[in-house]
Amino acid sequence: MARRKPEGYLNGRPLRPESLMMSYGYNPELSEGAIKCPIFQTSTFTFKTAEEGKAFFEIAYGLRRRGPGEELGLIYSRLNNPDLEILEDRLTLWDEAECAAVFASGMAAISTTLLTFLQPGDALLHSEPVYGGTDYLLKHVLPRFGIRVVGFRAGAPPEAAEAELRRLGLAERLALIYIETPANPTNALVDIAAYAALAARLSGERPVLTAVDNTFLGPLWQQPLRHGADLVLYSATKYIGGHSDLIAGVCLGRRELLDQVRFLRTIFGTMAGPHTGWLLMRSLETLIPRMTAQMKTARHVAEFLNDHPRVDRVYYLGNLTEDDPQYEVYHRQCSAPGGMIAFDVVGGEREAFRLLNALKLIKLAVSLGSNESLAEHPATMTHADVDPEERLELGITPAMVRLSIGVEHPEDLIADLAQALEAV
């Protein structure tokens with residue numbers, strides 16, 4: 001097979017992730033010398049012997065513990081595939097995770113992970129706002145399985161969330177805290193360390209887990225596992241994929257947790273395919289230059305929007321000042337403000353639509369984190385299925401526009417926004 005035991009050192013010195021993205025976990029000698037990992041477009045794999053097949057299935061389905069040095073061999077692409085195994089090895093490097101699992105979409109990663117660790121009678125505590133699809137899963141799907149869901153506003157202290165859990169009689173039933181930070185689309189932050197500490201306080205015989213959706217900042221600008229999170233989730237469609245040509249999701253964390261997630265992924269069949277794995281490996285090689293360019297350009301765009309008379313408010317992490325309660329969290333938890341900006345135009349939906357319809361270089365489309373800049377209207381698009389009253393309470397107004405900054409020249413993006421704002 002194409003895989004080899006990953007090595008991350010050169011002459012005893014640890015290599016950095018951007019260097020390891022070119023070769024980590026892959027041996028060209030096992031694939032006819034191909035410099036890039038081939039696409040293993042196959043549904044199943046042959047066993048050398050029946051005994052080997054039996055051993056692989058015993059490990060895959062947890063029927064026994066692995067022996068010393070024993071590895072899970074290739075079985076079937078719903079369980080494992082060389083492209084996904086190499087990709088998962090590489091994904092662990094950015095977040096310094098023990099293990100990773102790749103999924104067919106971000107929502108597949110989120111739903112499979114939550115259903116792995118939640119059961120009827122459990123309670124889940126989550127930050128708000130979250131992506132619209134996640135919001136629907138939490139509020140309309142999980143309750144069908146007897147799971148109580150309690151939200152807290154991003155930026156709220158954990159003591160307030162704990163008090164609400166106790167008021168509802170759910171503190172003893174809490175199984176998982178789900179955080180999306182920065183929040184989509186408002187860029188509001190949640191203190192990961194503080195809520196991980198809350199999870200530890202409320203843990204009993206069964207530990208309360210903390211899972212963080214890190215899609216908005218990606219693995220470059222925030223590493224939730226370093227701040228106490230047990231699991232980190234991504235829509236890999238976004239910054240990790242970065243080219244608007246694939247759909248995928250990722251879950252990372254400790255091996256003991258990911259073994260459980262992977263098992264349910266096998267049963268649900270929510271894993272990504274080999275071609276998607278190959279495309280993601282391609283994308284990881286340019287993650288740093290792409291995300292760095294997007295982050296730098298976003299600063300220029302935000303500065304322009306801050307001073308424009310037809311912009312009422314800009315939601316951008318680089319705008320946080322020392323008197324903002326989220327300033328300290330940002331500097332402790334994040335290493336850069338990323339490439340996401342939201343802003344309210346002066347007016348409402350009509351004015352926001354005028355701006356969106358007038359854009360020429362920036363594409364009117366949902367999604368984010370890609371090479372091209374994208375703009376959308378959260379209230380009627382990505383968050384259309386969120387309760388209208390809740391949307392307003394969370395700051396997702398009819399006047400809000402969400403921007404995902406790409407790798408175009410900043411002056412060109414500013415020129416496009418300037419002429420579009422003239423239409424407002």
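Got at least one residue in region 237-256 being surrounded by fewer than 22 Cβ atoms within 10 Å (Cβ to Cβ) and not in a loop (DSSP other than H, G, I, E, B)? Yes, region 237-256 has at least one match.
The helices (runs of 4 or more DSSP H) falling completely within region 50-145 that include 2 or more residues that are among the polar types (S, T, N, Q) and at pLDDT 95 or above map to 106-117. In this structure, does Arg226 turn out to be among the basic types (Lys, Arg) and outside any loop (DSSP other than H, G, I, E, B)? Considered against the rule, which asks whether it is among the basic types (Lys, Arg) and outside any loop (DSSP other than H, G, I, E, B), Arg226 comes out as yes. Entry remark, region 375-424: residues being surrounded by fewer than 19 Cβ atoms within 10 Å (Cβ to Cβ), outside any helix (DSSP H, G or I), small (Gly, Ala, Ser) and touching a Leu at 6+ places or on another chain (Cβ under 9 Å) number 1 in total. When every residue of region 177-192 is checked against the conditions, none turns out to be farther than 24 Å from Pro378 by Cβ, part of a helix (DSSP H, G or I) and of a type outside the set (Gly, Ala, Ser).
Quick grid of which residues meet (1) of a type in the set (Ser, Thr, Tyr); (2) outside the structural domain of Ala293 (by TED's automatic domain parsing); (3) in contact with an Asp or Glu (Cβ under 7 Å, 6 or more places away or on another chain); (4) free of Cβ contacts under 8 Å to residues at least 12 places away in the same chain:
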position: Tyr330; (1), (2), (3), (4): yes, no, no, no
position: Pro337; (1), (2), (3), (4): no, no, no, no
position: Val345; (1), (2), (3), (4): no, no, yes, no
position: Glu349; (1), (2), (3), (4): no, no, no, no
position: Leu356; (1), (2), (3), (4): no, no, no, no
position: Asn371; (1), (2), (3), (4): no, no, no, no
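Keeping to region 175-187, report how many residues are surrounded by fewer than 24 Cβ atoms within 10 Å (Cβ to Cβ) and in contact with a helix residue (DSSP H, G or I) (Cβ under 7 Å, 6 or more places away or on another chain).
At the first step, the residues of region 175-187 found to be surrounded by fewer than 24 Cβ atoms within 10 Å (Cβ to Cβ) are 175-176, 186.
When the remaining residues are screened for being in contact with a helix residue (DSSP H, G or I) (Cβ under 7 Å, 6 or more places away or on another chain), the result is 175-176.
Looking only at that region, the number is 2.
The set of residues from region 289-348 being surrounded by 17 or more Cβ atoms within 10 Å (Cβ to Cβ), out of contact with any strand residue (DSSP E or B) (no Cβ under 8 Å at 6 or more places or on another chain) and of a type in the set (Ser, Thr, Tyr) comprises Thr297, Tyr330.
Just so you know, in region 35-60 the residues that are under 30 Å from Met21 (Cα atoms) and among the hydroxyl-bearing types (Ser, Thr, Tyr) include one that is surrounded by the most Cβ atoms within 10 Å (Cβ to Cβ), and it is Thr42. Taking each residue of region 69-80 that is of a type in the set (Phe, Trp, Tyr) and looking for partners that are outside any loop (DSSP other than H, G, I, E, B) and surrounded by fewer than 16 Cβ atoms within 10 Å (Cβ to Cβ) with beta-carbon atoms closer than 7 Å, six or more apart or interchain, yields Tyr76/Thr44.
The values are calculated or read from the model by the stated rules, or taken from the named source; none is laboratory data. Worth saying up front: this structure is predicted, and the values here are computed from it rather than measured. Cβ atoms come from the backbone with ideal geometry, glycine included; neighbour counts cover every protein chain shown.
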